[in-house]
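Quick notes on the structure that follows.
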Amino acid sequence: MINKQLIFIFYCLLSFFKTSIHYIHLVYYVQTYISIYKINSYSFWIAESLFLIWNSLNDPLFGWLSDRYTSSVNHRLNYLTLCGPLFCLSSLCFWYPLIEINSSLLGLQLLFSLCLYDTFLTMIDLNYNSLLVDISLHKRETLSSASAIGNALGSLPLLISYRFWNSSDLQLFRIFVTILTIIITCGFIFVTQSMKQILYYYNVKSVERNISQEPIPNLWQFIYSIHKHKNCIIFSLVNFIQVFHCHFNSNSIPLILNIFIPSSSFGSILLGTSFLIPHLSNIYFVYLCKLQGTYYVIRKLFYVKLLFTLYLFIQGNDSIWLLCLFLVSNRMFTEGICKLFDLIITDLIDEDQFLHKRSSPLPALIFGTMAFLSKPGQTIAPIISSHLFYSLNNQQKTLFNNIIMIPIICSLCQIILWRKFTLHSYQLKSLRSILKHSSQHMII
């Protein structure tokens, strides 16, 4: 009998490793290049725009290659063993400038660093999320809870990093991220190898997927076929808005803290809290999904996010404490919804398998395709946040109004679109019941 507790712990640790590195990247790289390296706005936007192309294309491409050549959970873990350490090492490119500060060529380093970093991050995300489908059909909420716990723990290095952050001297910060990188690199190798041993003793043959017996669809034909699936189109639009909102929050928080709350000690606490609380609350959100269904929990979160933002808009920016509560709660709702979307994608994977009568699902390909349709929001977010910083620096009232209007507009659009999504309730239960009798490769 497989040790499910160890699988739970290792799945949690993989999430912790990725999150620890990625959150530091999200929070600091925009501020580092704008405030410290003094990159000009034109170079920054050109680099981000070119990165948008690669950032969008690599998700379906790597997903297609992964499902085309990956025949077992064991191979997915091999990808994680290889890409995990490379992902950690590539993150250091942001903190060690190879080009002289203030140089017009800084945009080239930014573009190179973003593309290299995102390549390995994409491979990790696709294969990590695919394990959610390959390992389990009816207990995905359990593994999603493990991922939420790992994400919460991954916020702690971010909280610590703020104590080493000094925009006038990055030496201590660089020492911290280098030590963290070494630790996380070793962790990736240990955990993935341990998971492979557990699955080997369980019986690797039981998790093999006979992809060779069934041709994988052409990549671009598959992406084109998505437009025939109503639920996929609706989800892609909602996810695009959500990805934009999540990354806008992450990129803009340090800029907001510098203008509204310049105290470094209080800013450190608020920054760490804004990244920790969303994942602690997400553990509860996943629990609600077991009771009420993921679709309904996400719909309620859209309404709560909208109502609270409208309340803050009415109150104005006079209360710093209310603004702090908004920063934390806004991230709590946006990040919570983002993480729950992984469960929705697994349902779309099941629907695709049923509609096309596939003998086995194509998790990496569909995760990649959904990312392809939503990733532009990830690149647009830092462009907008940096624009606010350049054009509205220290204009608190104008900046406050822009910060408030973005979640209001996002929430309204998502509420309207989400009501048209139909893969829930009886339809979802019937689909899972059919797949339960045809799936023989599940572990838990």
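The values are calculated or read from the model by the stated rules, or taken from the named source; none is laboratory data. Keep in mind that this is a model prediction, so the values were computed, not measured. Cβ coordinates were reconstructed from backbone atoms using ideal geometry, including for glycine residues, and neighbour counts include every protein chain displayed.
Look through L86, L57, L61, L65 and report the one residue that is free of Cβ contacts under 8 Å to residues at least 24 places away in the same chain, of a type outside the set (G, A, S) and in a helix (DSSP H, G or I).
On inspection, the qualifying residue turns out to be L65.
Between M332, M370, which is at pLDDT below 90, farther than 20 Å from P60 by Cα and among the hydrophobic types (A, V, I, L, M, F, W, C)?
Result of the check over M332, M370: M332.
Considering each of I101, I39, I21 in turn, give the residue that is among the β-branched types (V, I, T), assigned to a helix (DSSP H, G or I), touching a helix residue (DSSP H, G or I) at 6+ places or on another chain (Cβ under 8 Å) and closer than 24 Å to V177 by Cβ.
I21
Please list, ordered by first then second residue, the pairs with beta carbon atoms under 7 Å, 6 or more apart or interchain, first in the range 404-421 and farther than 15 Å from T309 by Cα, second crowded, with 16+ Cβ neighbours inside 10 Å and hydroxyl-bearing (S, T, Y).
Close Cβ pairs satisfying both conditions: F421/Y295.
Please indicate, with yes or no, whether at least one residue in the range 87-95 is surrounded by fewer than 17 Cβ atoms within 10 Å (Cβ to Cβ) and at positive phi.
No, the range 87-95 contains no residue that is surrounded by fewer than 17 Cβ atoms within 10 Å (Cβ to Cβ) and at positive phi.
Scanning the range 320-360 for residues that are closer than 20 Å to I241 by Cα and among the β-branched types (V, I, T), which turns out surrounded by the fewest Cβ atoms within 10 Å (Cβ to Cβ)?
Taking the candidates together, the pick is V328.
Which pairs do you get when a residue that is at pLDDT 70 or above and of a type in the set (V, I, T), found in the range 92-103, comes within reach of a residue that is surrounded by 15 or more Cβ atoms within 10 Å (Cβ to Cβ) and part of a loop (DSSP other than H, G, I, E, B), reach meaning Cβ atoms under 7 angstrom, with the pair 6+ apart or on two chains?
Sorted first by the residue in the range 92-103, then by its partner, the pairs are I101/Y37.
Conditions first: (1) surrounded by fewer than 22 Cβ atoms within 10 Å (Cβ to Cβ); (2) closer than 19 Å to L98 by Cβ. V30 passes all but one, so which condition is the exception?
V30 satisfies all of (1) surrounded by fewer than 22 Cβ atoms within 10 Å (Cβ to Cβ); (2) closer than 19 Å to L98 by Cβ except (1).
Filter the range 305-319 down to residues that are in contact with a helix residue (DSSP H, G or I) (Cβ under 7 Å, 6 or more places away or on another chain) and surrounded by fewer than 16 Cβ atoms within 10 Å (Cβ to Cβ) and give me whichever is modelled with the lowest pLDDT.
Q315
For S268, which of the numbered conditions (1) more than 19 Å from the chain's Cα centre (by Cα); (2) hydroxyl-bearing (S, T, Y); (3) at pLDDT 75 or above fails to hold?
In the conditions (1) more than 19 Å from the chain's Cα centre (by Cα); (2) hydroxyl-bearing (S, T, Y); (3) at pLDDT 75 or above, S268 misses (3) alone.
Restricting attention to the range 96-109, does a residue exist that is under 21 Å from the mean Cα position of the chain (by Cα), surrounded by fewer than 16 Cβ atoms within 10 Å (Cβ to Cβ), of a type in the set (V, I, T) and closer than 25 Å to I380 by Cα?
No, the range 96-109 contains no residue that is under 21 Å from the mean Cα position of the chain (by Cα), surrounded by fewer than 16 Cβ atoms within 10 Å (Cβ to Cβ), of a type in the set (V, I, T) and closer than 25 Å to I380 by Cα.
Against the conditions (1) of a type in the set (S, T, Y); (2) at pLDDT 85 or above; (3) within 27 Å of S144 (Cα to Cα), where does S66 fall short? Just the number, please.
S66 satisfies every listed condition except (2).
Criterion first (of a type outside the set (V, I, T), farther than 30 Å from S43 by Cβ and either modelled with pLDDT under 80 or in a helix (DSSP H, G or I) (or both)) does S433 satisfy it?
Taking the combined requirement at face value, the residue satisfies it.
For residues in the range 20-48 being small (G, A, S) and modelled with pLDDT of 85 or more, which is nearest to C246 (Cα to Cα)?
Going through the qualifying residues, I end up with S20.
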